[in-house]
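The values are calculated or read from the model by the stated rules, or taken from the named source; none is laboratory data. Remember, predicted model here, so these are calculated numbers, not experimental data. All Cβ positions, even for glycine, are placed from backbone atoms using ideal geometry, and neighbour counts span all protein chains on display.
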């Protein structure tokens, strides 16, 4: 099995410019995940991808709880049938939820596209927004954002969710379109204990 359908340049074959970009893309584990390495033939898109990912999901100004950000990421990845993103971000969500029974119930409900089985209020509104924006983006309307406000989310949180959803729709298409797998990656952000 190959980690992607296109060539990815390993560190040992990288020129100085690519090595600088790979440094930027390194995970806390010290590796470069395939989602970033797949850009190695065009380092400019890797730099852009790293910046977008960190701004959407790991920005200090985000106020949605991290477990919820990762759960939204996972739901979008489920809807897009993207095993790469789902493996990584569900591992993160599961860890951050911190309760195996609750995490399993959330995963099962999202797999069935029934977020109402485990969520209510703002969390449910976010899952519904994520589903519609992912599956039917041309049908979005002002009422979709108003529903988020009515559920108690402020405009900054709505923007956070929108950017996470938009980012994962981009990343899922990148990964699925190039056949990127987790082969050789360390799956998930959090170290196993």
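Going residue by residue through segment 127-140, is there one that turns out to be free of Cβ contacts under 8 Å to residues at least 24 places away in the same chain, part of a loop (DSSP other than H, G, I, E, B) and surrounded by fewer than 18 Cβ atoms within 10 Å (Cβ to Cβ)? Yes, segment 127-140 contains at least one residue that is free of Cβ contacts under 8 Å to residues at least 24 places away in the same chain, part of a loop (DSSP other than H, G, I, E, B) and surrounded by fewer than 18 Cβ atoms within 10 Å (Cβ to Cβ). The set of residues in segment 14-53 being out of contact with any helix residue (DSSP H, G or I) (no Cβ under 7 Å at 6 or more places or on another chain) and either in a loop (DSSP other than H, G, I, E, B) or assigned by TED's automatic domain parsing to the domain that holds residue 72 (or both) consists of 15, 26, 27, 28, 29, 30, 31, 33, 41, 42.
Take the conditions at pLDDT 95 or above and under 18 Å from the mean Cα position of the chain (by Cα) and apply them to residue 19. Does it pass? Don't jump to the end; show me each part of the working.
Numbers: at pLDDT 95 or above: yes; under 18 Å from the mean Cα position of the chain (by Cα): no.
Here the answer is no, as residue 19 does not meet what is asked.
Mind listing just one residue for me: the one in segment 78-88 that is within 13 Å of residue 188 (Cβ to Cβ) and in contact (Cβ under 8 Å) with a residue 24 or more places away in the chain and, of those, surrounded by the fewest Cβ atoms within 10 Å (Cβ to Cβ)?
The first filter runs over segment 78-88 and keeps only residues within 13 Å of residue 188 (Cβ to Cβ), leaving 84-88.
Add one more test, that the residue is in contact (Cβ under 8 Å) with a residue 24 or more places away in the chain, and what stays is 84-85, 87-88.
Working: 84: 25, 85: 24, 87: 16, 88: 23.
Restricting to residues being within 13 Å of residue 188 (Cβ to Cβ) and in contact (Cβ under 8 Å) with a residue 24 or more places away in the chain, the top hit is 87.
For beta carbons closer than 7 Å, sequence separation of 6+ or different chains, a first residue in segment 149-163 that is farther than 13 Å from residue 72 by Cβ and a second that is part of a helix (DSSP H, G or I), the qualifying pairs are 151/121; 151/122; 151/125; 152/121; 152/122. Of the residues making up segment 141-150, those that are surrounded by fewer than 20 Cβ atoms within 10 Å (Cβ to Cβ) and outside any loop (DSSP other than H, G, I, E, B) are 142, 143, 144, 145, 146, 147, 149, 150.
Just for segment 151-187: of the residues that are crowded, with 20+ Cβ neighbours inside 10 Å and not in a helix (DSSP H, G or I), which one is farthest from the chain's Cα centre (by Cα)? Residue satisfying both the conditions and the ranking: 153.
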